[in-house]
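To start, the structure itself, in structure tokens.
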Amino acid sequence: MDILDLSVLIAILIALIAYTTKDKLWGGNNKSSNYDSSSGPKATSNDLVEIMKNSNKRAVVFYGSQTGTAEDYSLKFSKEFQSKFNVPTMTADLADVSFENFQNINNEIPDFEIAAFFMATYGEGEPTDNAVEFFDYLANECDDLSGIKFVCFGLGNSTYEFYNAIGQKTVDELKEKGAILIGELGLGDDGTGTMDEDYLAWKETLFDTIKDTLKLKEQAVKYQPAIEVSEKLEMDKSDLTVSLGEPNKHYVNAKSDDELNFLKYGPFDHTHPYLAPVQNTKELFNSNSRHCIHAEFDLSNTNLKYSTGDHIAIWPSNSNEKVDKLLNILDLINKRDTVIDLKSLDSTLHLPFPTPTTYDTVLRHYLEISGPVSRQFIQSISQFCPNEETKIEVEKIAGHKENFHDSITTKYFDIADCLSYLSKNVKWNSVPFSFIIESIAKLQPRYYSISSASGMEKQTIHITAVVEQEKIKDPSDKFITGVTTNLLLNIKQKQNKDGDLKLIETYNLEGPRNMFHNKLPIHIRRSTFKLPSNPSTPIIMVGPGTGAAPFRGFIREKVKQVENGNKNVGEILFFYGCRKSDEDFLYKDEWTEYSKKLDSKFKMITAFSRETEKKVYVQDKLLENSSKVIELINKGAFFYVCGDAANMAKSVQKTLIQIFKDEKKVTEEIASNMVKQLRVNNRYQEDVW
Ligand code: FAD
């Protein structure tokens, strides 16, 4: 067994220990406890069949979701299926229910109709965190699912190698156990930006097939609220029980030692963030129109830990402009601070955020109001059009894919822009607010590759985030903007008192009851993107633009190893690229410092795409340095790629295959297998988005 095998074995062992103890170490999925603010009747067990029996459900829609998209689609499907076929349907997080009795479901619930699965593929063809145990159940505990009818929609990205692998795996494994697939596996593709249309096309055909197969009666789809929203005019938003945007109910007026400790010491995960002070922010670009923010999060007052190569998730809030625009078109601007109470009308549904709250809070902190609007949303809101003229317009546009594309998508409309456009600015004042809550996706945390090193700075996390601001021509030279990165830009402007910096979007940086003052909610996601365990193993890193982020962390880790007296640090070859050396060269001054400390061990090769007539990219530089690359790989080097998944990562892989082909004088097929083998041995790692 060589050192590499040993390190792989150790990594597997660590992963196994971490997995089996995950609830203790990282905090399990305690979603239900965080969101369990429903005032509806509660189920007493997590046995799926028992929950369904107790709530008279006849169909179930599961989701395996990492970033919330699969969850969002599953909720929409569930509502529409229930309304269209009059079949009481529940939605379930795969990790929240026990499948013990699933195989008896047809006997236990004689009028059970169907199970639907909305399954995202994550990373390199892996299941999402909440789907891991379900696959474990299928592999080890489940004998026979004969007769259970199911449908499946996979959510994937065709720019990744293992496109929709988990949707396919779900279908294969369920069929192997005897379950019956109705219709076809749906394939949603985020890579081509067609997820919404892929879903609509799949769903439309599928509903016909389901209707025929299950012999269901169809009725006109009508919105049936699952949440009741009532205004609490006797309450004021200053009342301490009112949520003003706290990340979950534990943050609302926490008093007891237990609650305060939970806020400080966690465990922290995607349902419970740590409110981290943003200590230090600075601009990394030298440009008037483009920004990249370096930000540092302080962990010194918590036991939250990270390790080099991990991801940090930042929980954003929406900008003042976006919130106002939507409140305005919904005719809620004058009631923005009215207190509202939410009640779940369905015992299987957890309220998505703490209640009571206010209209403003819901749009600012809990809903994804900023990105492109979906055709499905417009189709379903059409029942609440403010007048007949708008209804005709909505049907014309939302009923046809091409019309929607030309009139809405190409104009980069968000929900508020779209509603204003369709009604010619007439307010949509009869849309139930419960519809808004149920139809708009929950605001999701955004992930960033950590650019610091846990060896160098144990209690500080650095990130490197490029600010999403793009000017478009139509309509009227507006900007499309990203939620989180513009929030970071606002924090940076405030901290550095950059009066000259013109902000396109502004934010309430103080947050609920000044809780967010210079702080942001965060959690950490463990990553498998890691340095070799043996410090003397050489590494090759390719990371243009913000792809440099984790490599800054890797190099700082290496510097620390040298400072700690390790004389045996392996060679480090770093390919970095950006547009111009004097414009967007990230951490330009730092690399020479690292060079001094790492001496001849560190070599950085740069590609500037806009300095010469012919554009030069990292993959060109990689090819130019073929023999060095092969020399290091022959010495056991690990090869890392970080940044753009759609183009760069693919080109880099292609180039490496070319290098193997040329240098080792083998066929393309053999070269391609050699690169595959590197992946299998964990020596080719990607952190791409
Ligand atoms: P969002 O609000 O999420 O918007 C996304 C995009 O949609 C933007 O480009 C925005 O301009 C566009 N958009 C907004 N409105 C519309 C509209 N109406 N119509 C059409 N388009 C619209 N990023 C980094 O900078 N550095 C990193 O180190 C980094 N690491 C990552 C690591 C991982 C594992 C992953 C998954 C992602 C990483 N990212 C990183 C990307 C990051 O998570 C965010 O996706 C990115 O910062 C944009 O977030 P945002 O909230 O600002 O934009």
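The values are calculated or read from the model by the stated rules, or taken from the named source; none is laboratory data. Small disclaimer: the values here were computed from a predicted structure and weren't measured. Positions of Cβ are generated from backbone atoms using ideal geometry, with glycine treated the same way; all protein chains shown enter the neighbour counts. For the accessible areas, the whole protein counts, side chains as well, though only heavy atoms, and no ligand, DNA or RNA atoms are used. Shrake-Rupley method; radii C 1.70, N 1.55, O 1.52, S 1.80 Å.
Rolling a 1.4 Å sphere over the protein heavy atoms, what is the accessible area per residue of the chain, to the nearest Å²? Don't jump to the answer; show the numbers that get you there.
Details: 30370 Å² over 689 residues.
I get 44 Å² per residue for this part.
Quick one: if you take sqrt(5λ) for each eigenvalue of the C-alpha gyration tensor of the stretch 213-262, what semi-axes come out, biggest first, whole angstrom? Write out the running numbers ahead of the final one.
Numbers: eigenvalues 315, 71, 10 Å².
Working through the eigenvalues yields semi-axes of 40, 19, 7 Å.
So in the chain, what percent of DSSP beta bridges are antiparallel if you round to the nearest 5? Please report the intermediate quantities before stating the final value.
Working: 38 of 82 bridges.
Approximately 45 percent, going by the DSSP bridge assignments.
Regarding the stretch 571-689, what whole-number volume in Å³ per residue does the convex hull of its Cα atoms give? Could the numbers behind the result be given before it?
Working: hull volume 14.1 nm³, N = 119.
Convex hull volume per residue, Cα atoms: 119 Å³.
Specify whether the C-alpha gyration tensor of the stretch 280-323 places it in the rounded, prolate or oblate class, a ≥ b ≥ c being the square roots of the eigenvalues: rounded for a/c under 1.5, otherwise prolate if a/b is larger than b/c and oblate if not.
Values: a/c = 2.44, a/b = 1.40, b/c = 1.74.
In terms of gyration-tensor shape, oblate.
Over the Cα atoms of the stretch 368-516, what Rg and Dmax result, in angstrom?
For the stretch 368-516, the Cα radius of gyration and maximum Cα-Cα distance read 19.3, 64 Å.
Among 171-177, 80-86, how do they line up from the highest to the lowest mean number of other beta-carbon atoms within 10 Å? Spell out each step's value before the answer.
Working: 171-177: 15.3, 80-86: 19.0.
Ranking the peptides 171-177, 80-86 by packing returns 80-86, 171-177.
Loop-only check: which GluC sites (Glu not before Pro) in the stretch 444-493 are DSSP coil with at most 13 other Cβ within 10 angstrom?
Values: sites: GLU457, GLU468, GLU470; in loops: GLU457, GLU468.
Taking the stretch 444-493 and a limit of 13 other Cβ atoms within 10 Å, no loop GluC sites (Glu not before Pro) are found.
Using the Kirkwood radius over Cα pairs, work out the Stokes-Einstein diffusion coefficient for the chain at 25 °C and 0.890 mPa s, in µm²/s as a whole number.
On the way: Rh = 27.1 Å.
D, rounded to a whole number, is 91 µm²/s.
Give the span of the stretch 517-638's Cα atoms along each principal axis, as three whole-Å numbers ordered largest to smallest.
So the extents along the principal axes, rounded to whole Å, are 50, 44, 28.
Quick check: Cα centre of the stretch 455-475 to Cα centre of the stretch 329-363, how many Å?
31 Å
For the chain, what is the mean residue ellipticity at 222 nm derived from helices alone (per DSSP H run of n ≥ 4: -39500 (n - 2.57); sum divided by total residues; nearest 500 deg cm²/dmol)?
On the way: 22 runs with 238 residues, N = 689.
-10500 deg cm²/dmol, from helical runs alone.
Could you tell me which of TYR448, ALA398, SER430 has its Cα farthest along the dipole of the chain towards the positive end, charges placed at Cβ (Lys, Arg +1; Asp, Glu -1), taken about the Cα centre?
Going by the charge dipole, the pick is TYR448.
On a 0 to 90 degree scale, rounded to 10, what angle separates helix 483-496 from the longest Cα axis of the chain?
Helix 483-496 sits at roughly 60 degrees to that axis.
Where a ≥ b ≥ c are the square roots of the eigenvalues of the C-alpha gyration tensor, would you call the stretch 376-464 rounded, which needs a/c under 1.5, or, failing that, prolate if a/b is larger than b/c, or oblate? Display every interim value, and only then the final one.
Values: a/c = 3.90, a/b = 2.58, b/c = 1.51.
Prolate shape, in that a/c is at least 1.5 and a/b is the bigger ratio.
Helix 668-680 against the longest principal axis of the chain: what's the angle in degrees, Cα atoms only, rounded to the nearest 10?
Around 70 degrees separate the two axes.
If amide hydrogens are placed 1.01 Å from N in the peptide plane, which non-local residues have theirs closer than 5 Å to the one on PHE62?
Sorted by chain and number, the residues that satisfy this are ALA92, ALA116, PHE117, PHE118.
For the stretch 97-230, state the semi-axes of the equivalent ellipsoid (square roots of 5 times the eigenvalues of the alpha-carbon gyration tensor), sorted largest first and rounded to whole angstrom.
Details: eigenvalues 113, 101, 49 Å².
Rounded to whole Å, the semi-axes are 24, 22, 16.
Taking the Cα atoms only, what angle lies between the long axis of helix 549-563 and the longest principal axis of the chain, rounded to 10 degrees?
The two axes meet at around 40 degrees.
Just subtract the alpha-carbon distance of LYS264 and ASN425 from 0.36 nm times their residue separation and send over the number in nm, one decimal.
Working: separation 161, 0.36 × 161 = 57.96 nm, distance 4.57 nm.
Gain on extension, LYS264 to ASN425, equals 53.4 nm.
Which of the trypsin sites (Lys or Arg not before Pro) found in the stretch 516-617 are loop residues per DSSP with 11 or fewer other Cβ atoms within 10 Å of their Cβ? All intermediate terms of the calculation are to be shown ahead of the outcome.
Details: sites: LYS519, ARG525, ARG526, LYS530, ARG552, ARG556, LYS558, LYS560, LYS567, ARG579, LYS580, LYS588, LYS596, LYS597, LYS601, LYS603, ARG610, LYS614, LYS615; in loops: ARG526, LYS530, LYS567, ARG579, LYS580, ARG610, LYS614, LYS615.
When the trypsin sites (Lys or Arg not before Pro) of the stretch 516-617 are filtered for loop state and at most 11 Cβ neighbours within 10 Å, LYS567, LYS614 remain.
What are the equivalent ellipsoid semi-axes of the stretch 117-185, built from the alpha-carbon gyration tensor (square roots of five times its eigenvalues), in whole angstrom, biggest first? Write out the running numbers ahead of the final one.
On the way: eigenvalues 87, 41, 13 Å².
Over the Cα atoms of the stretch 117-185, the semi-axes work out to 21, 14, 8 Å.
List every residue whose amide H lies under 5 Å from the amide H of VAL339, counting only residues 5 or more places away in sequence or on a different chain, with H placed 1.01 Å from N in the peptide plane.
Under 5 Å from the amide H of VAL339 lie the amide H atoms of LYS232, each far enough along the sequence or on another chain.
So what J values fall out for the stretch 307-313 if you push phi through Karplus, 6.51 cos²θ - 1.76 cosθ + 1.60 with θ = phi - 60°, rounded to Hz, Gly and Pro as x?
Running phi through 6.51 cos²θ - 1.76 cosθ + 1.60 with θ = phi - 60° gives 10, 3, x, 6, 10, 10, 9 Hz.
Compute the distance in nm between two label points, each set 7 Å from the Cα along the Cα-to-Cβ direction, one at SER533 and one at GLU133.
Taking the two extended label points, one gets 2.8 nm.
Roughly speaking, to the nearest percent, how much of the stretch 165-244's 1.4 Å accessible area is carbon and sulfur? Spell out each step's value before the answer.
On the way: 2200 of 4370 Å².
Ligands and nucleic acids excluded, carbon and sulfur give 50 percent.
If you stretched the chain out fully between THR506 and ASP589, how much longer would it get, using 0.36 nm times the residue separation minus the C-alpha to C-alpha distance?
Details: separation 83, 0.36 × 83 = 29.88 nm, distance 3.08 nm.
Computed gain between THR506 and ASP589 is 26.8 nm.
Quick query: amide H of ALA645 versus all other amide H atoms, modeled in the peptide plane; which residues come in under 5 Å with a sequence gap of 5 or more or a different chain?
TRP689
According to the square roots a ≥ b ≥ c of the eigenvalues of the Cα gyration tensor, what is the shape class of the stretch 634-689, taking rounded for a/c under 1.5, prolate for a/b larger than b/c otherwise, and oblate for the remainder? Each step should come with its number before you reach the end.
Working: a/c = 2.18, a/b = 1.42, b/c = 1.53.
Since a/c reaches 1.5 but b/c is at least a/b, the shape of the stretch 634-689 is classed as oblate.
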